[in-house]
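Read-outs: derived from the displayed coordinates by stated rules, not from any lab. Treat the numbers as computed from the prediction; the structure is a model and nothing was measured. Methodologically, a virtual Cβ is constructed for each residue, glycine included, from the backbone with ideal geometry; neighbour enumeration extends over all protein chains shown.
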Amino acid sequence: MTPAAGPSAAVRPPPKCHACQVNRVAWVKPRVDYCYRCLPGGPFTPPPCTGCGSLDYFSQGRCATCHPGGPQYLSACRDCLSWGVYRRHNWQCWSCRWWSQHYPMGECDYCRRETRIGEQQACRLCLEQSRMLQEPGRALTLAVANEHGQQLFFANMHFQRRRTRRLEPEHRGVGGPPKRNFAPSRWRQLTLFGLEPDPVLVQARALKADSELLTYCKGVVAEHAERFGWSKRQRNDVVRSLRLLQVLQDTPGAMIRATDVAQLPRYDGNIVSTLDVLAAAGLLIDDRPTRIENYFAGKTHLLPPTMRAQLEVWLQVMLAGSDTAPRQRSRDPLTVRIHVMGIAPILHTWAAAGHDSLAEITPDDVRAALPEPGSTVTGPSSGSVPCSPPSRPASSSSSTPPAA
Ligand SMILES: [Zn+2]
Ligand SMILES: [Zn+2]
Ligand SMILES: [Zn+2]
Ligand SMILES: [Zn+2]
């Protein structure tokens, strides 16, 4: 049969003509370093191809179609053995090019060849054979379909045939309908130290990734894709992104943080659609900073670390409220924004005066910082709110008296 490295890989294209560097040399054996046009004493008319009689001379008496090193020379796909692929496509058909980016190398369970292995431990040739013999609506029977060998086929001809036999979404894929339930891990693996993952290794592992979480998510992807009319490519992109996320996860089977999804472009993953799917699957922890958090960070990033940490506690209490004393109702983000806007200049003045922590601020400092006629900034819900929070933000975290 056909060797794995491509049928004509041993026959390299002949070297280029020494003079023009465009055409191939007229002959390799006996060695001639020029093309017929550049031969000393020429130009000469090249002879017709000894294989087909064509006048489109390439090298060694052959045309570009008949010479095994020629650009038009056809051969069999090195993975699925389908006929009709070129050297410039690395002796692969379009489907096998896709497979080589998505599946690992391995031994096929059915034909025992060493090639790319898909999800059912079968190579593409065995998969196509069982698809050919598959009864509509029935599962693939790989072992039975391949027991007497495989029917070879022409390269790149499978797209149309598939369209005529489209199954309903619930019958597609392996292993029946998608899993309806999945319980994410409740525990979390803490990291000992932060290590930047190697993108090449992550991508290689993602090809083999498989888990209950992935199976569940694939079902959600299929439903989502059906509802929003996703292309096959988009669907595959998202499945690949989910595989990458699984490899990057510290805790197998845990819910996935949105900030982890944001790392995906580094590994050629997709962010937006993957977030959609994870949210639909109920597996997303949305830890992306909100607008008010971004605003707060912009206003406080120059403050001393202690002061900033105290203010962060205050911010969280303002946004989420607090049910432990002193109790505090959660505030509208716009109100919080106005508070931040009011206190930021005062905090920067204190920081410039050498204060590192809000614990060092006395009531007199607060009074001195307040403008004479009171604040001019007014919040949406109350009169003049913004100037008292820095007095005891870390402990009381309340700017106005708690309502509860
Ligand atoms: Zn030449
Ligand atoms: Zn020819
Ligand atoms: Zn192929
Ligand atoms: Zn096989």
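Order 289-301, 95-107 from most to least packed using the mean count of other Cβ atoms within 10 Å. Working shown, then result.
Numbers: 289-301: 14.6, 95-107: 16.2.
Top of the packing list down: 95-107, 289-301.
From the C-alpha coordinates alone, can you work out the Kirkwood hydrodynamic radius of segment 89-156, in Å?
Result for segment 89-156, one decimal place: 12.4 Å.
Sorting check: for 326-336, 351-361, which peptide has the highest mean count of neighbouring beta carbons within 10 Å, and how do the rest follow?
On the way: 326-336: 16.9, 351-361: 14.1.
Taking the mean over residues of other Cβ atoms within 10 Å, the ranking is 326-336, 351-361.
If you bin every alpha carbon distance in segment 47-130 into 10 Å steps from zero, what whole percent lands in each bin?
That works out to 19, 37, 21, 16, 7, 0, in percent per bin.
Cα centroid distance between segment 181-236 and segment 269-295, in Å?
First find each Cα centre; the distance between them is then 14 Å.
Would you work out the Kirkwood radius for segment 223-344? I mean one over the mean of 1/r across all pairs of different Cα atoms, in Å.
Details: mean 1/r = 0.0586 Å⁻¹.
With all distinct Cα pairs of segment 223-344 included, I get 17.1 Å.
Over the Cα atoms of segment 199-285, what is the Rg over Rh ratio if Rh follows Kirkwood?
Numbers: Rg = 11.7 Å, Rh = 12.6 Å.
Result: Rg/Rh = 0.92.
By how many nm would the segment from Arg88 to Glu223 lengthen if fully extended, with 0.36 nm per residue of separation less the alpha-carbon distance?
Details: separation 135, 0.36 × 135 = 48.60 nm, distance 3.80 nm.
Full-extension gain reported as 44.8 nm.
Under a crude label model (7 Å from the Cα following the beta-carbon direction), how far is Ala204 from Ala297 in nanometres?
3.4
Where Rh denotes the Kirkwood radius from the mean inverse Cα pair distance, what is Rg over Rh for segment 268-326?
Details: Rg = 15.9 Å, Rh = 14.1 Å.
On the Cα set of segment 268-326, Rg over Rh gives 1.13.
Tell me which aspartates and glutamates have Cα within less than 18 Å of Lys16's Cα, excluding those fewer than 8 residues away on the same chain?
Asp33, Asp56
Taking all pairs of distinct Cα atoms, average 1/r, flip it, and tell me the Kirkwood hydrodynamic radius of segment 1-73 in Å to one decimal place.
On the way: mean 1/r = 0.0790 Å⁻¹.
Averaging 1/r across every pair of different Cα atoms and inverting gives 12.7 Å.
Could you sort the peptides 60-71, 191-202, 128-139 by per-residue average Cβ neighbour count (10 Å cutoff), highest mean leading? All intermediate terms of the calculation are to be shown ahead of the outcome.
Numbers: 60-71: 18.9, 191-202: 9.1, 128-139: 13.9.
Top of the packing list down: 60-71, 128-139, 191-202.
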